[in-house]
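Taking it in order: structure first as structure tokens, then the write-up.
The values are calculated or read from the model by the stated rules, or taken from the named source; none is laboratory data. Because the structure is a prediction, the values reported are computed rather than measured. Every residue, glycine as well, gets a Cβ built from its backbone with ideal geometry; the counts of neighbours run over all protein chains shown. For accessibility, only protein heavy atoms count, side chains too; no ligands or nucleic acids. Shrake-Rupley method; radii C 1.70, N 1.55, O 1.52, S 1.80 Å.
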Amino acid sequence: MSLVENIARRPPSELGLLKETKSLVDRGYGLEDVAEKLGLSKQYIRTIMTLLKNGESKLIGLVDSGRMPITVAAQIATGTSDDVQRALTEAYETGDLRGPKLKAARLLIRRRLASQRPGAAPKQSKTP
């Protein structure tokens, strides 16, 4: 109840929204219930949960700082190389990723691809 009141007063940061969404799900609320309580779409809540479940702290940081749209972050987190390329293209075309934001996304993807190469150090566990 207090989360809803806080959201009504001022828009939460993306990171705050991510943490509160996880808190509601951890307390047993289903995605539909969370979406209804927060006034967001089920797809958006599903996207948030994908980032949190995958421990995507770097992506969450970019989203929270406003340097990357959450939809692009989710596609990067779950996508294949083709999916990532498509997400970047769409974000660029819509104006969501330009200048420093695009540079940050490209750097993140380059690091991910480097860590996935054979012989690369195993991926460390990440926590939000």
Open item on the list: If the requirement is being within 30 Å of residue 2 (Cβ to Cβ) and at pLDDT 85 or above, which of these qualifies: 73, 35?
Closed with: 35
- [ ] Considering every residue within the stretch 119-128, establish whether at least one is modelled with pLDDT of 80 or more and crowded, with 16+ Cβ neighbours inside 10 Å.
- [x] no
Open item on the list: Pairs needed: first member in the stretch 32-45, outside any helix (DSSP H, G or I); second member anywhere, open to solvent by less than 60 Å² (accessible area, probe 1.4 Å); C-beta distance under 7 Å; at least 6 residues apart or different chains.
Closed with: 41/35
TODO: Pick out the one residue from 94, 71, 47, 78 that is polar (S, T, N, Q), open to solvent by 80 Å² or more (accessible area, probe 1.4 Å) and under 21 Å from residue 17 (Cα atoms).
DONE: 78
